[in-house]
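All remarks here apply to the structure that follows.
The values are calculated or read from the model by the stated rules, or taken from the named source; none is laboratory data. In this text, all values refer to a predicted model and were calculated from it rather than measured experimentally. Note: ideal-geometry Cβ built from the backbone for every residue, glycine included; neighbour counts use all protein chains shown.
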Amino acid sequence: MAYQYDLFVIGAGSGGVRASRVAASKGYKVAVAEGSALGGTCVNIGCVPKKLFVYASEYGHGFDEAAGFGWKHQGAQFNWSVLRDNKTKEIERLNGIYGNLLSNAGVELISGYASFVDAHTVIVDGKTYTAERILIAVGAKPYIPEFNGSDFVVSSNEMFFLDELPKKALVVGGGYIAVEFAGILNGLGVDTALAYRGDQLLRGFDEDVRVFASEEYKKSGIDVRLNTDVERIVLADAANKNGARIVHFKDGHSEEFGLILYATGRVPNVGSLALEKAGVKTGKNGAVIIDNNFTTSVDSVFALGDVTDRIQLTPVAIKEAMALIAYWFDGKEVDFDYDNIPTAVFSQPAIGTVGLSEQEAEARGIDFRVYQTEFRPMKHTLSGGNARSLMKLLVNNTDDKVIGAHMVGDYSGEIIQGLGIAIKAGATKADFDDTVGVHPTSAEEFVTFSAGSLKERK
């Protein structure tokens with residue numbers, strides 16, 4: 001059977017754009033359907049605008065810290081609308097770049113949301129398209145549980161377009177997005193509470209990192225409330241849907257907030273795809289089930305990125321796209337390694353991590369040792385601030401290889417990227433020791449760990 005396209009991509013996010021334009025550059029006929037702005041979550045309502053907001057919020061602390069270095073600042077004021085609108089202009093610029101990348105590669109861009117008709121056919125705004133291969137790259141969306149008053153909260157999507165900042169806000173959740181937005185709001189001058197129903201924030205991270213980061217968030221001014229959950233939410237004034245909300249917590253107390261952000265996870269964005277018409281199977285929360293070659297339960301349909309049950313990170317989706325293209329058109333068997341993927345949490349302070357946590361290493365039965373230190377960064381010897389940094393290194397005793405590196409503190413994301421290369425390459429503790437440190441930096445701690453920094457493990 002002759003198809004209109006060699007490849008039809010559903011979703012023009014980071015993974016979908018990369019797959020479509022690389023395939024088109026190889027001479028294949030490719031179309032991509034997108035019903036929203038080009039670039040997907042990361043570019044429009046995710047990591048890019050969020051990082052811009054982080055930069056903005058850091059100035060809130062920086063003005064105070066500058067006094068110890070001789071700077072005087074008087075009358076400094078923050079204008080939310082300037083930040084919001086400048087962010088939007090930058091995102092629109094990036095949208096244009098993505099459009100040019102697709103056009104220059106020869107990809108046909110179809111505006112609208114696609115859904116399946118069968119394993120080789122999709123429909124977009126009433127028009128059908130056929131393809132030899134169809135790639136699902138629609139990403140994920142925020143999850144907000146249903147409860148009494150859940151319609152009075154916002155998700156991370158809406159945070160980038162608020163008409164104004166509240167005086168007081170509640171962030172509900174304990175993961176990446178929750179702690180990042182709590183830091184943003186706090187840095188922009190909002191009285192911010194962070195409520196999480198569990199015993200500690202950032203489930204899945206190294207336990208020392210979780211405890212240390214939580215305490216630093218408190219020191220920065222965030223009201224961290226653990227073992228705290230919401231029962232219901234009502235309007236302070238029933239006639240004003242845009243007014244204050246009253247939160248009734250499960251411990252019995254009530255409190256008024258101008259804004260309530262629910263950052264309680266994300267789920268695959270598969271609701272409108274009609275996957276059942278193509279016979280595509282899904283798993284937990286609707287995640288598209290794939291094999292090692294990104295093939296779904298249907299041979300002609302593939303998936304990658306956040307819509308699957310793999311690691312939900314933009315760089316992962318991009319590398320998955322490159323691996324998939326190589327598999328399709330170059331005959332290279334996929335051998336995607338999900339181990340030792342560096343990642344960062346752009347909270348305040350930031351977190352960088354790569355490799356195994358102490359708890360993961362223990363669960364695998366590895367014989368290992370831990371080097372760990374915490375200290376006050378040089379910056380704060382004059383700033384008057386009380387922020388501290390944490391650094392941690394895990395080493396396999398069998399072969400001396402470094403199997404994990406973790407940091408809480410300024411520039412963690414930048415530092416962990418370099419360490420990720422070393423750990424991916426199989427560097428040993430001896431290799432770290434043989435590396436001359438860059439002085440004076442926080443990063444040099446990772447190459448100067450001595451026996452005196454060994455952690456006593458239970």
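No other residue among Leu135, Leu101, Leu170, Leu94 is in a strand (DSSP E or B), in the same structural domain as Ala287 (by TED's automatic domain parsing) and either in contact with an Asp or Glu (Cβ under 8 Å, 6 or more places away or on another chain) or of a type outside the set (Asp, Glu) (or both) apart from Leu135.
Any chance the stretch 204-222 includes a residue that's assigned to a strand (DSSP E or B) and either farther than 30 Å from His120 by Cα or touching a residue at least 40 places away in the same chain (Cβ under 8 Å) (or both)? No: the stretch 204-222 contains no residue that is assigned to a strand (DSSP E or B) and either farther than 30 Å from His120 by Cα or touching a residue at least 40 places away in the same chain (Cβ under 8 Å) (or both). Could you check, for the stretch 220-239, whether at least one of its residues is surrounded by 15 or more Cβ atoms within 10 Å (Cβ to Cβ), more than 27 Å from Ser347 (Cα to Cα) and of a type in the set (Lys, Arg)? Yes, the stretch 220-239 has at least one match. Among the numbered conditions (1) at pLDDT 95 or above; (2) farther than 30 Å from Tyr338 by Cα, the only one that Lys241 does not meet is (1).
Scanning the stretch 399-434 for residues that are outside any helix (DSSP H, G or I), surrounded by fewer than 17 Cβ atoms within 10 Å (Cβ to Cβ) and either of a type in the set (Asp, Glu) or touching a residue at least 24 places away in the same chain (Cβ under 8 Å) (or both) turns up Asp399, Asp400, Gly426, Thr428.
Of the helices (runs of 4 or more DSSP H) entirely within the stretch 9-69, those holding at least 1 residues that are surrounded by fewer than 17 Cβ atoms within 10 Å (Cβ to Cβ) and not aliphatic (A, V, I, L, M) occupy 14-25, 47-66.
Which residue is surrounded by the most Cβ atoms within 10 Å (Cβ to Cβ), if the candidates are limited to the stretch 306-348 and must be among the hydroxyl-bearing types (Ser, Thr, Tyr) and touching a helix residue (DSSP H, G or I) at 6+ places or on another chain (Cβ under 6 Å)? Looking at residues that are among the hydroxyl-bearing types (Ser, Thr, Tyr) and touching a helix residue (DSSP H, G or I) at 6+ places or on another chain (Cβ under 6 Å), I get Ser347.
The criterion of being modelled with pLDDT of 95 or more, touching a Leu at 6+ places or on another chain (Cβ under 9 Å) and of a type in the set (A, V, I, L, M) does not hold for Ile423. Kindly evaluate Ser81 against the criterion of being among the polar types (S, T, N, Q) and surrounded by 15 or more Cβ atoms within 10 Å (Cβ to Cβ). For Ser81, the condition - among the polar types (S, T, N, Q) and surrounded by 15 or more Cβ atoms within 10 Å (Cβ to Cβ) - is not met. Annotation: Ala76 fulfils all but one of (1) surrounded by fewer than 16 Cβ atoms within 10 Å (Cβ to Cβ); (2) out of contact with any Phe, Trp or Tyr (no Cβ under 8 Å at 6 or more places or on another chain); (3) within 28 Å of Asp163 (Cα to Cα); the unmet one is (2).
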